[in-house]
Amino acid sequence: MTPIRLKLVTIIAEHVLREHLTADLRKLGARGYSLGEVEGEGTRGVHAQDWQGKNIRVETLVSAEVAERILAHLAASYFHDYALVAYAHDVEVVRSGKFA
Amino acid sequence: MTPIRLKLVTIIAEHVLREHLTADLRKLGARGYSLGEVEGEGTRGVHAQDWQGKNIRVETLVSAEVAERILAHLAASYFHDYALVAYAHDVEVVRSGKFA
Amino acid sequence: MTPIRLKLVTIIAEHVLREHLTADLRKLGARGYSLGEVEGEGTRGVHAQDWQGKNIRVETLVSAEVAERILAHLAASYFHDYALVAYAHDVEVVRSGKFA
Amino acid sequence: MTTADLLRANLLSPIALSFALGMGARAVRSEFSLPKDIYLGLSIFLLWALGLQGGAELREASLTAIAWPALATLGLGVATPISAYLVVRKVGRFSAADAAAIAAHYGSVSAVTYIAATTFAKSQGMEPEGFMPTLLTLLEAPGIQVALLIGVVQAGGHGRPLREVLHEVFTGRTMVLLVGGLLVGFIMGHENWAVIEPFYNTKGAVFRGALCLFMLEMGVVAAARLGDLRKVGGFLLGFGLGMPLVHGALGAWVGTLAGLSVGGATVLAAMAASASYIAAPPAVRLTLPEANPTFYLTSALVITFPFNLLVGIPIYFRLASWFGGTP
Amino acid sequence: MTTADLLRANLLSPIALSFALGMGARAVRSEFSLPKDIYLGLSIFLLWALGLQGGAELREASLTAIAWPALATLGLGVATPISAYLVVRKVGRFSAADAAAIAAHYGSVSAVTYIAATTFAKSQGMEPEGFMPTLLTLLEAPGIQVALLIGVVQAGGHGRPLREVLHEVFTGRTMVLLVGGLLVGFIMGHENWAVIEPFYNTKGAVFRGALCLFMLEMGVVAAARLGDLRKVGGFLLGFGLGMPLVHGALGAWVGTLAGLSVGGATVLAAMAASASYIAAPPAVRLTLPEANPTFYLTSALVITFPFNLLVGIPIYFRLASWFGGTP
Amino acid sequence: MTTADLLRANLLSPIALSFALGMGARAVRSEFSLPKDIYLGLSIFLLWALGLQGGAELREASLTAIAWPALATLGLGVATPISAYLVVRKVGRFSAADAAAIAAHYGSVSAVTYIAATTFAKSQGMEPEGFMPTLLTLLEAPGIQVALLIGVVQAGGHGRPLREVLHEVFTGRTMVLLVGGLLVGFIMGHENWAVIEPFYNTKGAVFRGALCLFMLEMGVVAAARLGDLRKVGGFLLGFGLGMPLVHGALGAWVGTLAGLSVGGATVLAAMAASASYIAAPPAVRLTLPEANPTFYLTSALVITFPFNLLVGIPIYFRLASWFGGTP
Ligand SMILES: Nc1ncnc2c1ncn2[C@@H]1O[C@H](COP(=O)(O)O)[C@@H](O)[C@H]1O
Ligand SMILES: Nc1ncnc2c1ncn2[C@@H]1O[C@H](COP(=O)(O)O)[C@@H](O)[C@H]1O
Ligand SMILES: Nc1ncnc2c1ncn2[C@@H]1O[C@H](COP(=O)(O)O)[C@@H](O)[C@H]1O
Ligand code: NA
Ligand code: NA
Ligand code: NA
């Protein structure tokens, strides 16, 4: 039961992108995700739905390769028009077979 | 006030395990925890309560040794029957006396 | 689009500190933050509002220098009187121009 | 009224229509759903109202009138989990854990089905006994207890200890609100009840209106799991439709024997026929973790619940009328 | 009643006062606000009540009585987004994406404005036609559709495909509750409706009371964005006040032509004058992501909504009375 | 009625019974609790109803009738925090910060205690003056202000500046809903109030029914902290029972002198006797962070609140009757 090293990718985004982002994750190779809600402030002002829905905060445990794919895809598809923050870091995971 | 290095262990699990997991953490040496709610998808389908309660996401700051103990315990006690994800990574903590 | 390395600072604190903490972050150089709610247990007992509001969990992506400033400020201003936990770790961020 | 008339009247009730609308919204892939806290708040209101009114009406009831129905109810609480276990284990050839898990659900009771049956009976001019909520609380726990015991003995439960889990059943939301409501309603007396009655009366507009909103969400929730029907296979489908009919007939018969009115026997039948999907699932998950949740949740929530709501209740009413000699 | 009297009566209504209080709370930098789930729950209740009562009353209406008003409504659904687009694009010189985004909001409808107009008309002794909620559902979607189509063609939409997004409009909360409520209210029949009516009647204390709570939060929400007024500039300020007057006059006129009563024409006018801020924003955000949300949210929610609520509705009533020949 | 009769009538009220049930649920280690947003929503409804009705009734009151009671209330707002501070500091020998923190709670007021006292007085056939909610708003802030001032001066407050924190008290939920409700209820006029009155009337079934649900949760919350009783020691236990009696007697006496009816004086007494646990805690936490929250929360919420609710209110009624000359 030695833990293995995976990437945890975290995405913070407008609520309106929820369905699209989770579908994207699946397509890019993630086997699962966890999604919470956060409020936030950043450099942009008004969000389309910020009085209806909060921001979403999506976490997904993936291999380094998939992580890179995800971050590249986000940059290409969303950064221009949407309020979206994404980052990744290494974590040690037990039960690694599930994720990569 | 130099920060010291500790482990942050994160556990994502079915809501039904809430009381048991937090009791386990205490027993294994954690001095505290923070618990939020997330929705999620993984490789399993239905969760026992997924229309009543979301998944829980528990974070606990612990020493490397306690972190190892926690992960080993989770693997032994829950992985077989429950939908549960756990991972750990290093963080720099100020006010470290509280945790280890 | 090579990711750059930033610090993610996470703060867990009593709800009552919300406005003050987020104002502090701005003043210390953070360009944004994300805020969620968690329940928690630690070494202290009762919190002022724990039956009205949960704890807050604030995350902010900042440069290493700003991170250090934030942690030092928290230690000086809050640790004595308030229930507050803070830690930081490195993450790889795309779209780094926003944050530092 | 013919059986067809009864079925139609039931299907046109606001409760059934709201449930159907919730399912329909899901069917067209709408993301509509009630916020979780509103849904919980509604369920708390409904159970609390049920308990309070039950308590207020309990003051009028004589102990002797309750004794036999109470015994009959406890009997059903022991018999139905056993019959469900045997059918799933012996006929369906499921594992002992899966069979016991399913039995725990069918041995317990669905409060919403109870409410729907009461509403239906009253709309047919019947007056179920005022102590029916008391019977509801009696039927909540034993079925779970019996089935989990079977499960732990047969499957060698490597889950949490039974006692610890049963404490959660006995102190769960449903029990607190029902038993507590019965007590409070009983103690507060007639004058106090009269003041708050318009808000809580289970025949009133507030209760019925809130129930519609609740059923809307139940429809969404049930429909969201429709896809699991394919996973559970033909046996559980048949079981989810057939078992309630058997338990319902048993309940109507036993209830009539115990001296219940036609309305009361109808409601007892619906209780026996119903499967718990609030109290049972977490208890089962913790005690028999190796049982597959898809099996028990799907049959209780996706098959049996809608079946009872839309079709079963009028049938149990028919049966109760027949046993009661007023066809 | 003079126009001044009408304005005063409207400003003293609980709805307007609650809204003003919500704004006032924000103005003194209070952190007061309704919990999000309560706010959502209230909006679900209000829409659902609207639909149910509309459905119940629809049973009384003849098809011929509805045909012309329905046609008029659809006409408004096509005309108003086009007029809004042209004004913002040609006069305001905004980008095609921004103009289309704003047009989608003004072509659609605000259910809260509808409710306020109905409440006002009834308080003036008018009886808007029972099928008005049907018209409300007819006006929800087309305006968004037309405007997004213009936007995608003119701005070469690099957002999500239009079809996918429109599905979300058609199956959104508002549509499920309104269309669903209409169906359920229609099917359940008079007797069933009578039971739950005190809870849902849009003239009743529960509905009106819940509406006050809802407006309190709307006031907070609108005031929280007041600061954005500086960002949108003078043109959108004029647009947000002038466009509703034009669309409102058009609605009152077309409604009268289609045979609506003064009350009905008032409500149709308010619908035409109103700008959607629930269904339109997410659809626009996904289809025309390059449009600036500050522009469309501020004009719809911060300028036009309060204007209609506080000042517009009595004016539309005046216009409808005048077109209807009862000044 | 004898005092024993009054106590019994109070203990059998739905409010007290619901509170007791909530405590009981905790006692058997049930995890039952209301969702936080529902709890908040209920508190908003109750305060808002209180304000609205107060405002509507304020129209009937003459300014002269209010002047003396208002003055008396402000006097209590200054006197009670000082007496509480002195007792805790001099007799209890607590630190200046802890004493001031506790004083801020006892100088302010608990709206739920106010509501319970009003309900009790009305159930005894009394009619507290229509302007009592106005007095409630007058008593909310001064006590906190005075006590925090003492605390900052004596303990050399290293917390947030007082002015900043007081702004939060003045614009908090309670104040917005009460003051705002008073204004809206006052302005809207009789006809408008009549429409929504069945929903908001504090004597009606909706208000009382909602109050029961709210008290259920209050019971859970108070019981969850019972364990802290051991931490606060004997002095605070005595203080939490004795101080309200002193302040209650003072309030009944001063209220009678100021010309209030027996019902009004009862309610004023309960207000003076009560300790704030909504507005005071955050203000204290920020201004006097070195004060121990266990001390002030436990005495206000776990000792004084249940004491007033279950035992104190009938006593204050007795005292007010006695001062008022109708024993
Ligand atoms: N520096 C940051 N640290 C953490 N979260 C951020 C940061 N900047 C922005 N966010 C989050 O991303 C959302 C959108 O940011 P923006 O596009 O800058 O308005 C905000 O509402 C925050 O939730
Ligand atoms: N790769 C993943 N990344 C993040 N969270 C996950 C991942 N896989 C599963 N989860 C979380 O763990 C829960 C149970 O997963 P599973 O047992 O795979 O169904 C899911 O509902 C998610 O919340
Ligand atoms: N070891 C820990 N790991 C994670 N969160 C903690 C830990 N200790 C305390 N916390 C969080 O910080 C809050 C205050 O802690 P304390 O001041 O120790 O009572 C708790 O309610 C938790 O949410
Ligand atoms: Na059953
Ligand atoms: Na419009
Ligand atoms: Na007081």
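The values are calculated or read from the model by the stated rules, or taken from the named source; none is laboratory data. Computed from a predicted structure; not experimentally measured. Note that we place each Cβ from the backbone using ideal geometry, even for glycine, and neighbour counts take in every protein chain shown. Side chains are part of the model used for accessible areas, which takes the heavy atoms of the whole protein and leaves out ligands, DNA and RNA. Shrake-Rupley method; radii C 1.70, N 1.55, O 1.52, S 1.80 Å.
Rounded to the nearest 20, the size of the Cβ-charge dipole of the protein assembly as shown about its Cα centre is 1280 debye, with Lys and Arg at +1 and Asp and Glu at -1. For the stretch D:176-327, relative contact order (Cα pairs under 8 Å, six or more residues apart, normalised by length) works out to 26 percent. Shielding of peptide E:197-208 by partners, expressed as the average count of other chain Cβ atoms within 10 Å per residue Cβ, is 5. Straight-line reach from F:Lys36: taking Cα to Cα under 23 Å and skipping same-chain neighbours fewer than 8 places apart, the lysines in range are A:Lys54, B:Lys54, C:Lys54, D:Lys36, E:Lys36. Note on F:Gln154 and D:Arg29: the model spin-label points, each 7 Å out from Cα along the C-beta direction, lie 6.7 nm apart.
Ranked by solvent-accessible area (1.4 Å probe, protein heavy atoms only, all chains present), the residues E:Lys36, F:Lys203 order from largest to smallest as F:Lys203, E:Lys36. At a probe radius of 1.4 angstrom, the accessible area of the stretch F:1-156 per residue rounds to 36 square angstrom. Accessible area per residue was computed with a 1.4 Å probe on protein heavy atoms; E:Leu229 scores about 60 Å². Normalised by the number of residues in the stretch F:28-145, the average gap of Cα pairs under 8 Å and 6 or more apart makes the relative contact order 35 percent. Entry note, chain D: relative contact order of 32 percent, from Cα contacts under 8 Å with a spacing of 6+ residues. Taking a ≥ b ≥ c as the square roots of the Cα gyration tensor eigenvalues, with a/c under 1.5 meaning rounded and otherwise prolate when a/b beats b/c, else oblate, which class fits chain F? The shape class here is rounded. Of the solvent-accessible surface of chain D, computed with a 1.4 Å probe over protein heavy atoms with every protein chain present, carbon and sulfur atoms account for 65 percent.
The alpha carbons of the stretch D:226-303 occupy a box of 41, 27, 16 Å along the principal axes, longest dimension given first.
In terms of its C-alpha gyration tensor, the stretch F:191-264 has an oblate overall shape, because the principal axis ratio a/c (a ≥ b ≥ c, square roots of the eigenvalues) is not below 1.5 and a/b does not outweigh b/c. For the set E:Trp193, F:Trp48, solvent exposure ranked by accessible area (probe 1.4 Å, protein chains only) runs largest to smallest as E:Trp193, F:Trp48. The slack in the chain from E:Thr326 to E:Ala4, taken as 0.36 nm per residue of separation less the alpha-carbon distance, amounts to 114.2 nm. Express in whole angstrom the spacing between the alpha-carbon centres of the stretch D:106-161 and the stretch F:227-269. Result: 47 Å between the Cα centres. Relative to the Cα centre, the charge distribution of the stretch E:14-109, modelled as +1 at Lys and Arg Cβ and -1 at Asp and Glu Cβ, gives a dipole magnitude of about 420 debye.
Buried area at the B:C interface is about 1800 square angstrom, summed over both chains, from accessible surfaces computed with a 1.4 angstrom probe. Normalised by 2.2 N^0.38 Å, where N is the number of residues, the C-alpha radius of gyration of the protein assembly as shown stands at 0.93. Each other copy holds its own label point for F:Lys90; taking that point as 7 Å from Cα along Cα to Cβ, the gaps run 8.3, 8.4 nm, nearest first. In whole angstrom, how far apart do the alpha carbon centroids of the stretch D:296-313 and the stretch A:53-82 sit? Their Cα centres are 41 Å away from one another. Between copies, the label points of E:Ser62, set 7 Å from Cα on the Cα→Cβ line, lie 6.1, 6.1 nm apart, reported in increasing order to one decimal in nanometres. With a 1.4 Å probe on protein heavy atoms only, work out how much accessible surface D and B bury together, total over both chains, in Å² to the nearest 100. Looking at D and B, the buried total is near 1700 Å².
Computed with a 1.4 Å probe on the full set of protein chains, the accessible area for D:Tyr296 sits at about 0 Å². Cα extents for the stretch D:53-156 along the principal axes, largest to smallest and rounded to whole angstrom: 47, 27, 17.
The rotation axis that maps chain F onto chain E passes nearest to the beta carbon of this chain F residue, listed with its distance in whole angstrom: F:Asp37, 3. Between this copy and the others, label points of E:Lys231 are 4.3, 4.4 nm apart in ascending order, each placed 7 angstrom from Cα in the Cβ direction. The smallest convex shape that holds all Cα atoms of the stretch D:1-50, its convex hull, gives 89 Å³ per residue.
Given a Förster distance of 56 Å, report the FRET efficiency between C:Thr43 and D:Lys231 from their Cβ-Cβ distance, rounded to the nearest 0.05. Write out the running numbers ahead of the final one.
Values: r = 46 Å, r/R0 = 0.83.
For R0 = 56 Å, the calculated efficiency reads 0.75.
3J(HN,Hα) couplings calculated from phi for the stretch E:64-80 with the Karplus curve 6.51 cos²θ - 1.76 cosθ + 1.60 (θ = phi - 60°) are, in sequence order, 5, 5, 8, 3, 5, x, 5, 4, 4, 4, 4, x, 4, x, 8, 6, 5 Hz; Gly and Pro show x. Estimated from helical segments only, the mean residue ellipticity of chain E at 222 nm is -24000 deg cm²/dmol, where each DSSP H run of four or more residues counts as -39500 (n - 2.57). In the context of the full protein assembly, B:Asp90 retains an accessible surface of approximately 70 Å², using a probe radius of 1.4 Å and ignoring ligands and nucleic acids. When all protein chains stay in place and ligands, DNA and RNA are ignored, the 1.4 Å accessible-area order of E:Thr174, B:Thr43, largest first, is B:Thr43, E:Thr174.
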